[in-house]
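The next block holds one structure in the form of structure tokens; read it before the comments.
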Amino acid sequence: MECTSPKHPLNSSQLLPRRFFNRAFALIYSFAILTLFYRHATTLIQSPINLHTFFISLPFIVSDLILAFTWLNSQCFRMNPVIRTPLPENLPKAFSREEFPALDIFICTADPYKEPPMTVAATALSVMAYEYPAEKLSIYVSDDGGSELTLFALMEAARFAKAWLPFCKENRIMERCPSAYFANTCASHSASGDIQIMYEDMKSRIEKVVERGFVDDEYKTSAEAFGKWKKEFTTKDHPAIVQVLSESGCDKDFIGSSIPNLVYVSRQKNKAVSHHFKAGALNVLLRVSAIMTNAPILLTLDCDMISNDPTTTHTMLCFFMDRSVRPELGYVQFPLRFDGINNGDIYGSELRRAFHINPVGMNGLLGPDYFGTGTFFSRRALHGGPSSYIEPEMVELGPDYIPGKRSNSPHILELAHRVAGCSYEEGTNWGSKDSDMVHWLRTITPATGYTVRGGGPYFAIQRGLLFWRIRPYLWLI
């Protein structure tokens, strides 16, 4: 075992002994492959050359080459497997809560009917209830569908959070997604009756609005952003919308404690400008959050990926607050867990090889690739490596910028709307340069890597395992 600090180690790493057997097997198998190709070569040289022999041998040679190439690529997962173990019990001994860095959380959604607003609200509530200082926690929800239904659901979630957050913390609730908590009857607390009634009322209001397809005028007075949904408004052509739904330091819960920031963002869309799907949405959230809070750590989540452990942030801090790894740390990634899978998982729906086995192997190299959700990033890493800092075109977008005004102030909102515009990236380092090299994907897949391109800060969703641009990566199991 290797510990990062002799007094209060925050994490440890263990090299798996099986790596020696894997390397020995790989060496022996490599000689077997070379012998096979030597046999192919001598057969072609010594046999009479004719078309009949050539066309019979060619498929065998090609198939052996493909299989050998596939096997060779899989060996990186077996050469140096490493298991990293966080030690969150030591975190309070080394740092106080006042020393915790600020955290910005990005949640992406794109369609209120494929991704129900109630699901988005539940995900937001699960991270708002983290065991983390509320004044250092900010949640940004990107609505690429530009739907007032999603805004209404988040507005209701911000109101419900004033009761839900103190309830969770006072009763030490682990399942802090309300839908997951109330679905688990055996976990329900004796004091949850009133909270459940409030939750069901909120759920009923959201589902009725979604069923009607529009928000009633009586609710629109609560957020001025509703005024932007006019007749000419469409999901593919609409102005930027940034609405602060709750503001830390100003909004309080039912016991008088501060609640985290919750910000709704729908970037500007125009049919004449490519929006680059989820990568473009993350770019906008990166800029808007820099203007408003500029936390040094970012968490990216899909709208249906709830957090089932309120101490997740403490686990993450075991690496981000470790001075021995922090200067070169790109991100800390958590494996995905899936609900609703049969006990035997006979269809392989849990994707254990992709999310659990292969990343352990890549931990000892440059680290696993980014799977699109459940990942804590260093904001500084998005601006180049430790010795290759890339200056942004606006001071407010730099990783060291300290916002000096309230998130809801007119000046901050004006800047936020500006950087959420669809034409902002034109002529800047945010994607216009060398754009022909970027292969945009509609969804995040296991073969999708994360990279910070030399042209500037960029959530580039590219084909291939481009994990070597930031090092090292950490995968927690």
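Here are some notes:
- Accessible area in square angstrom per residue, the chain, 1.4 angstrom probe: 49
- Highest mean packing comes first when the peptides 370-378, 406-414 are listed by Cβ atoms within 10 Å, giving 370-378, 406-414.
- Which of VAL419, VAL325 is most accessible, then next, and so on - probe 1.4 Å: VAL325, VAL419
- Neighbour net charge for TYR29 - beta-carbon separation under 12 angstrom, K R +1, D E -1: +2
- Residues ILE259, ILE83, ILE357, ILE197, ordered by accessible area of protein heavy atoms at a 1.4 angstrom probe radius and largest first, appear as ILE197, ILE357, ILE83, ILE259.
- By the helix-only formula, in which each DSSP H run with n ≥ 4 contributes -39500 (n - 2.57) and the sum is divided by residues, the chain has a 222 nm mean residue ellipticity of -11000 deg cm²/dmol.
- Whether the range 230-333 is rounded, prolate or oblate, judged on the alpha carbon gyration tensor where a/c under 1.5 counts as rounded: oblate
- Apportionment of accessible area to carbon and sulfur, the chain, percent (1.4 Å): 57
- Environment charge at ARG172 (Cβ cut-off 14 Å; Lys +1, Arg +1, Asp -1, Glu -1): -2
- Remark: for residue pairs LYS208/LYS252; LYS208/LYS231; LYS203/LYS269; LYS230/LYS269, the C-alpha separation exceeds 26 Å in LYS208/LYS252; LYS203/LYS269.
- For SER246, distant residues with modelled amide H under 5 Å away: LEU262
- Between the Cα long axis of helix 277-292 and the first principal axis of the chain there is an angle of about 50°, rounded to the nearest 10.
- Degrees, to the nearest 10: 18-46 long Cα axis against longest axis of the chain: 50
- Excluding same-chain neighbours fewer than eight residues apart, the lysines reachable from LYS93 by a Cα-Cα span under 27 Å are LYS7, LYS136, LYS169.
- Solvent-accessible surface of protein heavy atoms, probed at 1.4 angstrom with all chains present, puts HIS356, HIS276 in the order HIS276, HIS356, largest first.
- Sparsely packed loop sites in the range 106-206 (the trypsin sites (Lys or Arg not before Pro) outside DSSP H, G, I, E and B with at most 15 other Cβ atoms within 10 Å) comprise LYS114, ARG172.
The values are calculated or read from the model by the stated rules, or taken from the named source; none is laboratory data. As the structure is a computational prediction, the values presented were derived from the model and not from experiment. Quick reminder, even Gly has a Cβ in these numbers, built from the backbone with ideal geometry, and neighbours come from all protein chains shown. Heavy atoms of the whole protein, side chains included, go into the accessibility calculation; ligands, DNA and RNA do not. Shrake-Rupley method; radii C 1.70, N 1.55, O 1.52, S 1.80 Å.
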